[in-house]
Structures are given as structure tokens and as C-alpha cells.
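All remarks here apply to the structure that follows.
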Amino acid sequence: IQMRSTPENRKALFDVAVAGPLAGLAIAIPPLVIGLHSSTVISGDAVTPSLTHGTSVGSSILFALLAKATLGQSLAYGHVLQLSPLAFAGWLGLFITALNLIPVVQLDGGVGQVS
């Protein structure tokens, strides 16, 4: 983020820092929820999680909450979720948004250096 002038106060700086991750979440969550409806729940005994067989629902708190809210009782502890392509795109959006929160160079969630 390049700013033309210094922020007026900390609240303005916070607003700039929060805008990127919130926009990423707003873009990633709808395809994830829609894609979860067409995803397949596999019994945990049948297969271990991998890129080709599915993902563990507990991989992230937000993902676990959205999956449980979307799929309800069909998703039990130990089950593996085989994501549809749309759900995978939403999951990838969550992952990229999480990377955006790491305070490194231009990928940080705020302003690195204001000149």
C-alpha cells in the first residue's frame, strides 16, 4: 500500500490495514459456502486427507465453522471433506487472505513504511 501522505491518526491507519483482509474475506467466503454444498463428505476411516482425496475440516477455525454451518450433521468428527472446484477456490482465497496478514514487505496487513 502506498500512501501519498501520512495518516491523520491511528484510527485511519487501522482502517487502511483492515480493508485488504476484509475485502479478501468478502470475496472468498461466498464461493466457499456455495461450493461446500456440492462437496463430498467421506468417512475418515476410508481415506487419509491429501490433495487428491480431500481436506481435514479442522485445518482452520474459519473453514471449520463455515463447513459445519453449511453441511450441518453430515459432517462429523474425523470425516474428510472432498472439496468441489468452487469450494477449493474459496479455500484458496482464505489461504491467500491469511498470507496477506503476515507482516512482510508489501504483503502486510497495513502500511510498512510511510514516507
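Read-outs: derived from the displayed coordinates by stated rules, not from any lab. Note that the structure is predicted; figures quoted are calculated from it, not measured. Note that we place each Cβ from the backbone using ideal geometry, even for glycine, and neighbour counts take in every protein chain shown.
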FRET efficiency, 1/(1 + (r/R0)^6) with R0 22 Å, evaluated for ALA69 and LEU25 via beta carbons: 0.90
Rounded, prolate or oblate (a/c below 1.5 giving rounded, otherwise prolate when a/b exceeds b/c) for the stretch 57-105 by Cα gyration tensor: prolate
Cβ-Cβ FRET estimate between VAL16 and LEU62, R0 fixed at 30 Å, reported to 0.05: 0.85
